[in-house]
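The values are calculated or read from the model by the stated rules, or taken from the named source; none is laboratory data. Keep in mind that what you see is a predicted model, and the values were worked out from it rather than measured. All Cβ positions, even for glycine, are placed from backbone atoms using ideal geometry, and neighbour counts span all protein chains on display.
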Amino acid sequence: MNMRKTIKYFAVILASAFVVAGCTKFDDMNKNPYALYEVEAESFVQPILYNTAYTNTYNNYYISSELMQYAINTSFETSALLTYNYELAENYSSYLWRLYKQFGNAQYMLELARKGDNPAMVGVALVLRSYVASILTDAYGDVPYFNAGKISLQGNDFDYTVAYDKQEDIYIDMLRSLEEANACFAEAKSMREADATLVVDFSHGCDYMYDGNIDKWHRFGNSLYLRLLMHAALKAQENGGVISLGDEYGDIQVIAKLNELYDCYKSGDGVYPMMRSISDSARVEFSSTDSALYTPFYSTTSGNWNAKAACLTFTDLMLIEKDNDKDGEWDLYDPRYFRIFTKAMGAPTQIPLTELEDYFNSNLSKAGNSLIGRFTRGTVTGTHTGDLQNAPSYGLLNYDELYFLFAEAGARGWLSIDEKSVKDLYLEGVRQSILQWQVGFEGAVDYLMPTAQVISDFIKYLDNDFDYNKMLEKILTQKYVATFWVGIESWVDYRRTGYPILKTNGRTAQNDGILPTRMRYPATEAFQNAKHYSDAVAGWLKGTDNMQTDVWWASTTESQSIRRLGRQ
């Protein structure tokens, strides 16, 4: 990794923290603005959250939306590199690598929290570090981890280069870190119970997501634990079902731990309190009026924004022909659809640009306007009922994800529940996802909000359409819809499970018809971190920094066999 750049992170975080209005320790700072001073651990929370969500969302628009067939690129220049055809521009590899700045910030925050003997802030720092690290390793595979982001902690003898660590080892440490975070939050709550005057929450001005509420951070941390445990579960089950977290936390039986988490979820509390409602969703606030909180697309022109159009793969899941008469007219629509797209038509993927251009030219209204949906933006009129471009928040992990994760675990026979309970979890996951998309539209005029009947009809359709013989496919296909623009989670799910089944070998598909299994390392690594980069490429990548080698948790027989279905 290019650690030379990350030496800048301390100055960056200070600059970011100054714009967080109301965050104590900065408002009345009357010191040399060009000197570095010790700051409170809590001052790092909002900048890490904002910059992480910013990077995730930027990546979603440019890369994930096309890889996962949510959208296609309407650039008809023959020289264009098209992500949906797996021709990824070289600079795309560096998008998520930028998160190392936030990983370094989380490392420093953790050090400050430990020095301050503040268990609550130690817990928050561990959750933030684990979240950022999970995106990095899930995107690239083996990455620098154990010694990454620690320049500020090394004194005068720091090293600019850092070795790559195995993803399996990174996952073990992330799970261990989240166990520690859970214990830290529990300790902070015990301290508060013992002393009613003790305040364990922190300044709301340093945390626009949860307003410094430690209980919500506790629930986010354990929900992230569930996500990462499920990422690793299938691979762990192939190897005996045990993950060793070291001396302090010992061995965990994956199935037993999932059941423990599920029991805590059902009780609403327990040893591992989980998210309880949409209000607990981890969503980072953005603003169209506050320049410190602008989205990545705030200044994007309508022409550039509209370069992405709806993909048929996605629209076919959301616009439903109940009568199967194949007349091309949908009879039922997913209530989330018009929050994402402006019009009820998608375009095919992985066809020659000339054919794609013909498709667009043949689907015009009488006024000459395209009938194909684009991502929502700006003013709300007609069926244009969302603003994806400058949304008030973007998700890191939504409440509905818990239902899908537990439904998947149940469908695999890992939870002590029956098939009817699995279906109930699945349907409630869809309902909670629909409700999540309504947040911010309460009290709006009717056409902005799908009626209760529309929601009920859609859930009823999914209920009747549920096939107990295809439970995993049903659950993970709807989770694919629900995790639209939630980090890279749908791409993770596809690689680890094979679902949803996507056709990946269209006529123009590159990469041997394989939907990329990982991002290539940034080109800068080859000369700025040469030795360690070469070791990684020669090692787990077998000599080529490619997009076809499975990351650790995706290298399962089940996942590989299902993904091959998309190439038949």
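Which of the residues belonging to segment 289-314 are surrounded by fewer than 19 Cβ atoms within 10 Å (Cβ to Cβ) and either under 23 Å from the mean Cα position of the chain (by Cα) or not hydroxyl-bearing (Ser, Thr, Tyr) (or both)?
Selection gives ASP290, ALA292, TYR294, TYR298, THR300, GLY303, ASN304, TRP305, ASN306, ALA307, LEU312.
In segment 537-555, what count of residues is obtained for those that are under 24 Å from THR497 (Cβ atoms) and touching a helix residue (DSSP H, G or I) at 6+ places or on another chain (Cβ under 6 Å)?
Qualifying residue count for the region: 5.
Pull up segment 247-270, narrow it to residues that are in contact with a helix residue (DSSP H, G or I) (Cβ under 6 Å, 6 or more places away or on another chain) and not in a helix (DSSP H, G or I), then point me to the one that is farthest from SER393 (Cα to Cα).
Per the stated criteria, the residue is TYR249.
Within segment 199-240, track down each residue that is of a type in the set (A, V, I, L, M, F, W, C) and farther than 20 Å from ASP169 by Cα.
VAL199, VAL200, PHE202, CYS206, MET209, ILE214, TRP217, PHE220
Here are LEU245, LEU229: which of them is within 18 Å of GLU260 (Cβ to Cβ) and surrounded by 21 or more Cβ atoms within 10 Å (Cβ to Cβ)?
After applying the criteria, what remains is LEU229.
Do we have any residue at all in segment 466-486 that's outside any helix (DSSP H, G or I), within 23 Å of GLN237 (Cβ to Cβ) and under 19 Å from the mean Cα position of the chain (by Cα)?
Yes, because at least one residue in segment 466-486 is outside any helix (DSSP H, G or I), within 23 Å of GLN237 (Cβ to Cβ) and under 19 Å from the mean Cα position of the chain (by Cα).
Could you tell me whether segment 315-329 includes any residue that is surrounded by fewer than 21 Cβ atoms within 10 Å (Cβ to Cβ), among the small types (Gly, Ala, Ser) and part of a helix (DSSP H, G or I)?
no
Within 30 Å of LEU462 (Cα to Cα), touching a His at 6+ places or on another chain (Cβ under 7 Å) and assigned to a loop (DSSP other than H, G, I, E, B): does that describe PRO273?
Yes, satisfied.
So ASN118 clears everything in (1) buried (at least 23 other Cβ atoms within 10 Å of the Cβ); (2) farther than 17 Å from THR517 by Cα; (3) not hydrophobic (A, V, I, L, M, F, W, C) except one condition, right? Which one?
(1)
Collect the residues in segment 386-426 that are assigned to a helix (DSSP H, G or I) and surrounded by fewer than 18 Cβ atoms within 10 Å (Cβ to Cβ), keeping them in residue-number order.
Within segment 386-426, GLU419, LYS420, SER421, ASP424 qualify.
Going through THR383, THR379, THR349 one at a time, which residue ends up being among the hydroxyl-bearing types (Ser, Thr, Tyr), in contact with a Ser or Thr (Cβ under 8 Å, 6 or more places away or on another chain) and modelled with pLDDT under 90?
When all the criteria are applied, what remains is THR383.
Six or more apart or on different chains, Cβ atoms under 6 Å: show the pairs whose first residue is in segment 536-549 and over 20 Å from GLN510 (Cβ atoms) and whose second is at pLDDT 95 or above and among the aromatic types (Phe, Trp, Tyr).
Between residues of segment 536-549 that are over 20 Å from GLN510 (Cβ atoms) and residues that are at pLDDT 95 or above and among the aromatic types (Phe, Trp, Tyr), the close pairs are ALA536/TYR164.
Going by the conditions given, is SER203 in contact (Cβ under 8 Å) with a residue 40 or more places away in the chain, more than 24 Å from the chain's Cα centre (by Cα) and buried (at least 17 other Cβ atoms within 10 Å of the Cβ)?
yes
Within segment 520-568, which helices (runs of 4 or more DSSP H) (wholly inside it) include 3 or more residues that are more than 23 Å from LEU67 (Cβ to Cβ)?
Fully inside segment 520-568 and qualifying: 525-528, 530-538.
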